[in-house]
Amino acid sequence: MTDTISAATDELTAVKDRAEAEMSRRRKQLIELSHTIHANPELSWEEHAAAALVANTLREAGFQVQVGAYGVPTALEASYGQGDLTVAVCAEYDALPGIGHACGHNVIAAAGVGAVLALAPVAEQAGLRIKLLGTPAEEHGGGKIAMLTEGAWEDVDFSLMVHGMTGGDRPAAEMRLTFAGPSMGKDLPVCGASAGRSSRSGSWLASSFILGTVIAEFVLGMWG
């Protein structure tokens, strides 16, 4: 039993290292994405350029992309992998009237894109199916509600998002998760918020790697 746990831990560490290397490789690209969206603020339901930028970035990386997903013209869905565990990462990109991206949705978009790009090279090994959901109209209009009503999260086990805050950096050890439904038999902390269906059985590697995904998003969120 000890040998099995040790081998699984080593595999998990190797997977996280690969994801971290991919984040580092794409750092400049992600910052440019954030800055481009910031320079062209679009209000709720009008985020056509931002949605196109996110879509093109993920399409070029091999994701299957649909713009106008779930009946919302500026929503998008980009998926990658065939694993048993589906992880959704949300990307917001709408701006505020008169003050642009004061709430940092350009950073949220780049962080979400970065998280799924970092996961893509390890999706098969980790048993993951990755899905980025571009969610418009957060500031006004409830884009997520429209997408939820149309079933955007019906096939999702975990739904993750990062949001910036004022103040100094926070250590990764302070980050926690909430599970909507059974936590696949794992004794994991419960705090915060998440959305999705009740989780199915998944591999130890896949369920543990979700924690790494949150950390990856948090790190990317510091780059805007």
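Placing dummy labels 7 Å off each Cα toward the beta-carbon, the span from Asn40 to Ala52 is 0.6 nm.
Can you give the FRET efficiency for Asp155 and Glu60, using 1/(1 + (r/R0)^6), R0 = 35 Å, r = Cβ-Cβ distance, to the nearest 0.05? Intermediate values should be presented prior to the final figure.
On the way: r = 24 Å, r/R0 = 0.69.
The formula returns an efficiency of 0.90 here.
Counting other beta carbons within 10 Å of each residue's own, what order do Tyr80, Tyr70, Tyr93 fall into, fewest first?
Tyr70, Tyr80, Tyr93
Ordering of 105-112, 11-18 by packing is 105-112, 11-18, highest average first (other Cβ atoms within 10 Å, averaged per residue).
Read the figures in this text as sums done on the coordinates, not as results from a lab. Owing to the predicted nature of the structure, the values given are computational and were not obtained by experimental measurement. Virtual Cβ from ideal backbone geometry, glycine too; neighbours counted across all protein chains shown.
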